[in-house]
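Below is one structure, written out as structure tokens, with a few remarks after it.
The values are calculated or read from the model by the stated rules, or taken from the named source; none is laboratory data. If you're wondering where the values come from, they're calculated on a predicted model, not measured in any experiment. Cβ placement follows ideal geometry from the backbone for every residue including glycine, while neighbour counts extend to all protein chains displayed. With ligands, DNA and RNA removed, areas are computed over all heavy atoms of the protein, side chains included. Shrake-Rupley method; radii C 1.70, N 1.55, O 1.52, S 1.80 Å.
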Amino acid sequence: MASRFQVKEEFKLNYEVPYLSGKGELIGCTIVPVMEEHHGVSISYAMTSPSPSAMENSFPAEGVSSLAATARFILDELEVKPHRTILQLWEHTPHNRLFSVEGRAPVSAERDAVLLILTKTPFIYRYDYDLVLWHQAMHARDRWERRFLSSHPLVEIGEWFDALWHLSIDGRLEAMGKPHYSRLERLEEVRAVLRDTRPAGDHLAEATQLCDDLWGKETTHSRLIEIGLELSLAGVAVGEAGGSSQGLKKT
Ligand SMILES: [Zn+2]
């Protein structure tokens with residue numbers, strides 16, 4: 001019997017926004033090794049030391065199958081219907097720092113593929129996968145519908161950008177009655193970012209204003225960059241090719 005971590009295919013995703021590596025290379029695509037298919041979703045495993053027992057421990061087939069079904073269901077509900085949906089599961093180990101978050105959801109530049117990246121952290125066990133999958137699927141939908149750019153998964157604009165985007169995402173999930181982070185949690189997240197980047201100012205009032213402006217409303221990549229410039233949060237040049245190599249912050 002073929003092992004579950006045998007690569008059956010390598011799928012390439014191109015991105016509109018490349019990642020600038022620490023070595024100064026511009027990386028405009030990812031090659032994803034596909035090992036399995038469940039419910040029309042391709043499964044890719046990123047394991048440091050793959051073995052049949054490690055695979056069964058970290059990614060039991062039954063659990064992966066239901067995860068794929070949930071991902072498929074959620075993307076269908078959100079009317080995100082790519083030719084290819086890939087679920088990439090990263091084993092969470094102390095020395096695997098490439099993705100220090102619970103997830104990312106890049107889409108291809110051509111909008112023919114969605115890649116849902118989940119790293120298996122204890123955090124997820126506590127909240128279950130639904131919360132993280134709905135959250136990542138909303139990021140994918142905003143990129144899919146071209147309100148946001150198709151960026152390489154390592155591109156990072158800044159915590160402020162994600163914090164503002166989350167006001168839009170979680171407010172819409174709340175309105176749909178889906179699992180989401182609360183308005184208060186996200187308000188605190190924005191307030192913390194403002195406190196870290198703008199020492200002076202009434203951070204609570206500013207965060208509340210941003211929450212009133214963005215909570216539950218569709219927004220765009222360029223609108224958030226605009227806000228970032230207005231509030232001097234945007235340390236990056238507009239057009240944001242590059243991003244830091246410091247791993248990914250909070251999703
Ligand atoms: Zn997020």
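Odds and ends about this structure:
- The set of residues from the range 7-56 being among the small types (Gly, Ala, Ser), open to solvent by 40 Å² or more (accessible area, probe 1.4 Å) and not in a loop (DSSP other than H, G, I, E, B) comprises just one member, SER53.
- Search result, residues across the range 131-152 that are away from the ligand (no atom under 15 Å from the Cβ) and either touching a Cys at 6+ places or on another chain (Cβ under 6 Å) or at pLDDT below 95 (or both): none
- Residue in the range 57-92 that is modelled with the lowest pLDDT, counting only those that are over 19 Å from the mean Cα position of the chain (by Cα) and surrounded by 12 or more Cβ atoms within 10 Å (Cβ to Cβ): SER58
- Checking each residue in the range 186-205 for being of a type in the set (Lys, Arg) and open to solvent by 30 Å² or more (accessible area, probe 1.4 Å) picks out ARG191, ARG195, ARG198.
- Hits in the range 206-221 (condition: in a helix (DSSP H, G or I) and open to solvent by 50 Å² or more (accessible area, probe 1.4 Å)): THR208, GLN209, ASP212, ASP213
- GLY171 being open to solvent by less than 50 Å² (accessible area, probe 1.4 Å) and over 27 Å from ALA46 (Cα atoms): yes
- Residue check, GLU185 free of Cβ contacts under 8 Å to residues at least 24 places away in the same chain and within 15 Å of the ligand (Cβ to nearest atom): yes
- ARG4 vs. criteria surrounded by 15 or more Cβ atoms within 10 Å (Cβ to Cβ), touching a residue at least 12 places away in the same chain (Cβ under 8 Å), out of contact with any strand residue (DSSP E or B) (no Cβ under 6 Å at 6 or more places or on another chain) and not aliphatic (A, V, I, L, M): yes
- Just so you know, in the range 153-163 the residues that are of a type outside the set (Phe, Trp, Tyr) and within 11 Å of the ligand (Cβ to nearest atom) include one that is most open to solvent (accessible area, probe 1.4 Å), and it is GLU159.
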